[in-house]
Structures are given as C-alpha cells and as structure tokens.
1. Suppose every Lys and Arg Cβ carries +1 and every Asp and Glu Cβ carries -1, with no other charges. What dipole size does the range 1-143 come out with about its Cα centre, to the nearest 20 debye?
2. Short version: what are the Cα gyration tensor semi-axes of the range 114-225, square root of 5 times each eigenvalue, largest first, in whole Å?
3. With a cut-off of at most 13 other beta carbons within 10 Å, and DSSP calling the residue loop, which trypsin sites (Lys or Arg not before Pro) in the range 163-246 qualify? Please list them.
4. Between 0 and 90 degrees, rounded to the nearest ten: what's the tilt of helix 225-239 against the longest Cα principal axis of the chain?
5. If one computes the Cα centroid of the range 49-75 and of the range 210-244, what distance in Å separates the two points?
6. In percent, what relative contact order does the chain have, based on Cα pairs under 8 Å that are 6 or more apart in sequence?
7. Would you please name the GluC sites (Glu not before Pro) within the range 94-188 that are DSSP coil residues with at most 13 other C-beta atoms within 10 Å of their C-beta?
8. Quick one: helix 113-123 against the long Cα principal axis of the chain, what's the angle to the nearest 10°, folded into 0 to 90?
Amino acid sequence: MIEDVIYQILFRKNMKLGVFDSGLGGLTVLRSINELMPELSTIYLGDNANAPYGTKSFEEIFQHTLEGVRFLFAQGCPLVILACNTASAQALRKIQLEILPKEFPDRRILGVIRPTVEYLIESTDTKNIGVFATSATVRSEAYVNEFNNIMTGVSRQIFLCQKACPGLVETVEAGQIDNPDTEKLVEGYCRNFQGDLALLGCTHYPFLEHLFHKYLPTGTRVFTSGPIVAKKLQEYLVRHPDINDRLEKTSERTFYTTGDPVIVAASTDKFYKGNIDWKKV
C-alpha cells in the first residue's frame, strides 16, 4: 500500500489520458473530451507520417497502431483511446486480447466504435442507420459486428448499412474541405442513401458535415463520434475509479506527431482550437 502511494506521488505527472489517431482527425475527439472534462490532462499522438490508414492492410494498421499505443504507455498513460475508427476496427481487439495481458496488464485501451454504436442504439428511434467510413473500416465489418452483438439484447428492429468513402481523409488532411472535387465525392457517396440516421464514422468526416447535410435526404439526422466518445469515456471513468484515480487532473495538454511538426502545425487550426506545440516522436 505504501509503495503504491509513493509510486503515485513520484509518477503522477505522467498519468495522463492518451489519445491516438492516424493523423489530425482524432483532434476532433480530443476536443470533445477536453470540453466535457477540461481538468483531465491528455497526451495526443498523431501518426501523420503513416497517414492515412484507410487504404492500408490489416497488418500495417495493426503495427502502426501498436507502436502508437506502446509510445503512449511509455509516457505513463494508464488508459489510451484509439480515436481513429480504422485503428479501432482493425487493431483494437487484437491488442486487447494478445498484447495487454502479456506486456501491459495494468493498462487499458478503448476504441470509438462500440461506444458510438451503443449510443446510437440507446438514443435513437431510427430504423435504418448508415455508416460512412474508410475502406478499411468497412472491410473489417467492425461496425456491423458490434451492432449485431448489441442488438442481440434489443427488442427493436434496426438495420445498419455501410458506405466506404475513399479519398475523403486525404482531402481533409490537405485542407481541401471546400474544394469542388471534395464536394463531388461527398455527393456521390450520399447518392441513393436510404437511412434515417447517418454516422460519419471517421474522425476526419466532421469537417465535411456541411456537405453531408447538403446531399443526404432532407430530415436525415447526422451524428459524429467526438461528443459520443467523450460522454461514454466520462461514464467509463465513473465505473472504473481505479483508472480515474490514476489520471492527472491539471488540464495539461501534450501533443506528439510522427510527422514533420512544422507541416502538421500548419494544418492544425481547423481541427483544434488553441495553440499546439507539436513534439516530434
């Protein structure tokens, strides 16, 4: 007991919440977490050098994500959020089942897919949910699997379909949000949409939300994952005081990137409000 107290005192400054993303899109999730729990200290890692993940193989996504998670654990993070939908879909479960028990039994890692699906099912009366996501996320069928698992105990009849949207992550990272070619892409992906509710299942897509609203059928409700994940994280920390007690509450923000900090900083403003001093990994 005394050793645990000494450990907390000596290393408390390192006990921040870790947030990992393939690039800058995860800043939308981090922003929601900071707004809901401003006292929570956080470390963000964007794997900009290897972005985007959406067109990569499973093994590539897994290895890049694992490297990111290991880095954040090395910074002392007891809990890491995979803000990237693609990383959550392709790497989360394998890391939880195969890596954590052997290497990090006292650490936890959470994704964005399950809490988002839970929220949609709990909070809506819709009958048809459409998910717009990267090709890798759609290919993994992670949303479909989580949806089916949760719906096992739900009496309502709800249907879920997916739409792969190649090219959108690249246009957002390049700052081409209002580019005519980007609008044409979104228009094509929204064509023949049959759902009552649309989930923008990639952290980059909220920056194109205005285009989805424009081209989806009138009355379609559009959701993004940031506020949902933040709320679900808050509930998780209430249920797991052992994790919550280990997290620093000094509002400190630290940002890392695997890319060029200067180039990354030039594109940051649209993703996150506030000055960011990017550190190179």
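1. The calculated dipole for the range 1-143 is roughly 100 debye.
2. Numbers: eigenvalues 123, 43, 24 Å².
Over the Cα atoms of the range 114-225, the semi-axes work out to 25, 15, 11 Å.
3. On the way: sites: LYS163, LYS184, ARG191, LYS214, ARG221, LYS231, LYS232, ARG239, ARG246; in loops: ARG191, ARG246.
In loop regions of the range 163-246 (DSSP not H, G, I, E or B), the sparsely surrounded trypsin sites (Lys or Arg not before Pro) are ARG191.
4. Helix 225-239 sits roughly 40 degrees off the main axis of the chain.
5. Computed from Cα coordinates, the inter-centre distance equals 23 Å.
6. Values: 494 pairs, mean separation 75.6, N = 281.
Relative contact order comes out at 27 percent.
7. Numbers: sites: GLU98, GLU103, GLU118, GLU122, GLU141, GLU146, GLU170, GLU173, GLU183, GLU187; in loops: GLU141.
When the GluC sites (Glu not before Pro) of the range 94-188 are filtered for loop state and at most 13 Cβ neighbours within 10 Å, GLU141 remain.
8. Between helix and principal axis, roughly 60 degrees.
Read-outs throughout are calculated quantities, based only on the coordinates presented, and are distinct from any laboratory measurement. This one's a predicted model, so the numbers in the text were calculated from it and none came from an experiment. FYI the Cβ positions are ideal-geometry reconstructions off the backbone, even for glycines, and counts take in every protein chain you see.
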